[in-house]
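Asks: Okay, handing you the structure first.
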Amino acid sequence: MLYHPPVPSQLWDTWVFVENQQAHLFYLRVSDTTKTGEWDSIGHVLSDDLVHWQELDPIVLRTDPPAWDSGPSLTGSTFKHDGRYWMFYGSLTDKLNKIGLLVSDDLMHWEKCSDNPVLLPMPPYQHKSDCGPISLVDWRDPASYWREEFNCWEILLCARQQNPDPQTTGACIAKLHTTDFKQYQALDPIAVPQGFFNAEVPDYFQLGDWHYLLFSSFADGGGPCRFDTPTRYRPIGTWYMRSEHRDGPYELADDPFLVGSCNKRLEAYVGRTMMWEGKRLLYHHMGMPDPAWAMPKIIDQNQQGDLHLNYWPGLKKLRQETRCIDSIPMNTCQKYVSTGDWQVDADGWIVGHSNSITSSILFADTYHDFELTCTIDACSAKNAAILFHMDRDPIEGKAASIQANKRLVENNHVVWTIAHSLGLNLHDNCLLHDGIVDKPFELRMIVRGKYLDCYINDRWYLSNVFQEQPVSGRIGLSVQQGVARFRDLTIHVLPELMS
C-alpha cells in the first residue's frame, strides 16, 4: 500500500482533490485508537506523484454535545467553488446523518461554516428513523459535480427511499441540485441498486460514451441482500452501474464488481476515481485490522462498456533495487526442497515436477516489501504458486496460486504439513476469464507488509490484508500434481510501509 498514518492514528474512507499536479489526500481519521476508537477528525497528506506523501495538519471536527457534529465524523468530499475550497463532512447524532461544510482559501487552513449543518435529510428520502426500512437514517458521503447545462452543482449521496418496495432495503443514490450550497432541491434517486444493504460513497464519471456510478456495499445481508457475481462468492467492495445518458437510467453490469474481496471480508473498500496525468484512476483503502491507502489502479473499458482495473505504472517509482532469480543454488535445493524435482531447462524455465503431493522450493534471500513479476506456465499442473513471506519454525507463509483447470487465482495461507508438503489454506479467490491461464501468463504481486495486490497480465484480481504473521521471509515456488514452469522471476525491493 502507499500510505499508512502514523501510530496511533487510523485511516478509513478517503477522498482526493487534485490541483496543480498535487494530490491532497483526505481521510476519516481516528486520532488515537487507544481511546474512543471513533472518527473525530480528517487526516490530510500531500503528494506530487501519489507514491510519496507529506504529512499535513489534521482537521479537527468533533465537538462536545449537544452540537450537531458531536457524534462520529462521516465521509466527505472536496471541491472548488467561487474561488474558494469547500469540503463536505458529516456527523451521526440521534440516529440521523447530518452534513456540514468547511471552507478554506489555501487547502491548508479550514474553518467550519457558521450555518452548519447545511444539508439535513429530506423527502423523498428517509428523513426520520421511523419512516423507512432501517432505523438509522442514511444521509451521507456527499460528492459534488458541476452541471453546466443546468448552471448548478449536483450532489450525489448515500440515502434510502422513504417508502421503498417492502422486499428491498430502500438503498439508493440520492440526487440534489444547488447553486449556493445553502438551498438544495431534492430530486428522485439517480439510481436504486437492487439487492444491496446500502449504496455508500457514490462516485460519478464518464468514460468514452458511457456514464458510470460507483458505490460501495455488500450483498450479503440476508433476505433481498444476497447474490454472488460471475467471478466471486459473497463479495464486499465497490460496484458499478452504467448508462448511456448522464441522468440514467443506470443498470448494474453483468459482472458489476470493481474492487474488493469475497467470502464476506471487508478488505478493499470505498473505491473512488480521479484523473491523474490523463488517466482515470481508481483509488481505495484496505480494511481492518490495520487500514491503509491502497495502490491506485487504471480503470479500463471494453467495447461493451464493461470495466476492469489494470496495473498503474506510476508504482514503479517505489522501486529501490532489482533482483532476478534464474537459477537454483545447490545449497537451497538441499535445504528447502520438498518431494519432487526442480531443474532449469535449456530455455531458462525453472521447472517443478510433482506427483500426488505438493513440491516446493524456497530461495535463500528474505524480503519484506517488494514487487514481483514472473511468467508462469501452469497448464500441466493442478496448482502452481508463488510463495512469499515464508518463515521457519514452523515453516509457514503465504502464496498466490493458480488452478489453471478451474480458472482460479487464489491467495492462500501456507503451512508445512506433516507429510513434508505444503498445505494451501484459502484466504480469497477469483474466477478468471477464458483463455488467460491456458498458456503462459505474467503474474504480478505487490506486497507491502500485510497487504497484497495481485495482477495477471497486468489486470487486477486480488487485494488482501493478512492478519497472520509473518510479514517478511523467503520467496519460493510450488507445484502440485503435475509440471509447472516459471521464468523471468524478478523482484523489485520496495521501501517499508510506515506502520
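Asks: Quick one: which strands (runs of 3 or more DSSP E) sit completely within segment 170-261 and have at least 3 residues that are farther than 26 Å from F17 by Cβ and in the same structural domain as G305 (by TED's automatic domain parsing)?
Replies: Ranges flagged: 220-222, 251-261.
Asks: Do you know which residues across segment 111-154 are without any contact (Cβ under 8 Å) to a residue 60 or more places away in the chain and basic (K, R)?
Replies: Within segment 111-154, K112, K128, R147 qualify.
Asks: Now, a different point. Of (1) surrounded by fewer than 18 Cβ atoms within 10 Å (Cβ to Cβ); (2) within 20 Å of L156 (Cβ to Cβ), S9 satisfies all except one. Which?
Replies: It fails just one condition, (2).
Asks: Taking into account only those residues within segment 113-169 that are among the acidic types (D, E) and surrounded by 14 or more Cβ atoms within 10 Å (Cβ to Cβ), which is modelled with the lowest pLDDT?
Replies: The residue in question is D138.
Asks: Moving on to the next point. Just give me the residues in segment 155-193 being in contact (Cβ under 8 Å) with a residue 12 or more places away in the chain and among the acidic types (D, E), in sequence order.
Replies: Result: D188, single match.
Asks: Quickly run through segment 417-440 and pick out the residues that are surrounded by 18 or more Cβ atoms within 10 Å (Cβ to Cβ) and either modelled with pLDDT of 90 or more or in a strand (DSSP E or B) (or both).
Replies: L422, L424, H427, D428, N429, C430, L432, V437, listed by residue number.
Asks: Let me ask another. Anything in segment 292-315 that is closer than 24 Å to H44 by Cβ and either surrounded by fewer than 23 Cβ atoms within 10 Å (Cβ to Cβ) or hydrophobic (A, V, I, L, M, F, W, C) (or both)? List them, or say none.
Replies: Matches in segment 292-315: A292, W293, A294, M295, W312, G314, L315.
Asks: Taking the options L107, L74, L25, L101, name whichever one is under 20 Å from D141 (Cα atoms), in contact with a Cys (Cβ under 7 Å, 6 or more places away or on another chain) and in contact (Cβ under 8 Å) with a residue 40 or more places away in the chain. Give the derivation first.
Replies: Working: L107 fails: in contact with a Cys (Cβ under 7 Å, 6 or more places away or on another chain); L74 fails: in contact with a Cys (Cβ under 7 Å, 6 or more places away or on another chain); L25 fails: in contact with a Cys (Cβ under 7 Å, 6 or more places away or on another chain).
Step by step, each of L107, L74, L25, L101 is checked, and only L101 is under 20 Å from D141 (Cα atoms), in contact with a Cys (Cβ under 7 Å, 6 or more places away or on another chain) and in contact (Cβ under 8 Å) with a residue 40 or more places away in the chain.
Asks: What's the total number of residues in segment 51-70 that are assigned to a loop (DSSP other than H, G, I, E, B) and over 23 Å from I155 (Cα atoms)?
Replies: The total comes to 13.
Asks: Among the numbered criteria (1) at pLDDT below 95; (2) out of contact with any helix residue (DSSP H, G or I) (no Cβ under 6 Å at 6 or more places or on another chain); (3) buried (at least 24 other Cβ atoms within 10 Å of the Cβ), which one does L443 miss?
Replies: The number of the failed condition is (1).
Asks: Which one is modelled with the highest pLDDT, of the residues in segment 12-50 that are assigned to a loop (DSSP other than H, G, I, E, B) and surrounded by 17 or more Cβ atoms within 10 Å (Cβ to Cβ)?
Replies: Among those that are assigned to a loop (DSSP other than H, G, I, E, B) and surrounded by 17 or more Cβ atoms within 10 Å (Cβ to Cβ), it is L50.
Asks: Hey, among the residues in segment 59-74 that are among the charged types (D, E, K, R) and more than 15 Å from F88 (Cβ to Cβ), which one's modelled with the lowest pLDDT?
Replies: Once the filter is applied, the top-ranked residue is R62.
Asks: Among the residues of segment 267-284, is there at least one that is among the polar types (S, T, N, Q), in a strand (DSSP E or B), farther than 27 Å from G132 by Cβ and without any contact (Cβ under 8 Å) to a residue 60 or more places away in the chain?
Replies: For segment 267-284, residues among the polar types (S, T, N, Q), in a strand (DSSP E or B), farther than 27 Å from G132 by Cβ and without any contact (Cβ under 8 Å) to a residue 60 or more places away in the chain: absent.
Asks: While we're here: Within the set of pairs 6+ apart or on separate chains, which have a first residue in segment 307-321 that is part of a strand (DSSP E or B), a second that is of a type in the set (S, T, N, Q), and C-beta atoms under 7 Å apart?
Replies: L307/Q301
Each row is one residue, and each column tells you yes or no for (1) part of a loop (DSSP other than H, G, I, E, B); (2) more than 29 Å from the chain's Cα centre (by Cα).
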site	(1), (2)
K98	no, no
L101	no, no
D106	yes, yes
N116	yes, yes
M122	yes, yes
D130	yes, yes
I134	yes, no
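Asks: Right, something else. Can you name the condition, by its number, that A484 falls short on among (1) at pLDDT 95 or above; (2) more than 23 Å from S327 (Cα to Cα); (3) surrounded by 22 or more Cβ atoms within 10 Å (Cβ to Cβ)?
Replies: A484 satisfies all of (1) at pLDDT 95 or above; (2) more than 23 Å from S327 (Cα to Cα); (3) surrounded by 22 or more Cβ atoms within 10 Å (Cβ to Cβ) except (2).
Asks: Which of the residues that make up segment 51-70 are of a type in the set (D, E) and buried (at least 19 other Cβ atoms within 10 Å of the Cβ)?
Replies: The answer is D69, and nothing else.
The values are calculated or read from the model by the stated rules, or taken from the named source; none is laboratory data. Being a predicted model, the structure only gives us computed values, none of them experimental. We place every Cβ from the backbone using ideal geometry, glycine too, and count neighbours over all the protein chains shown.
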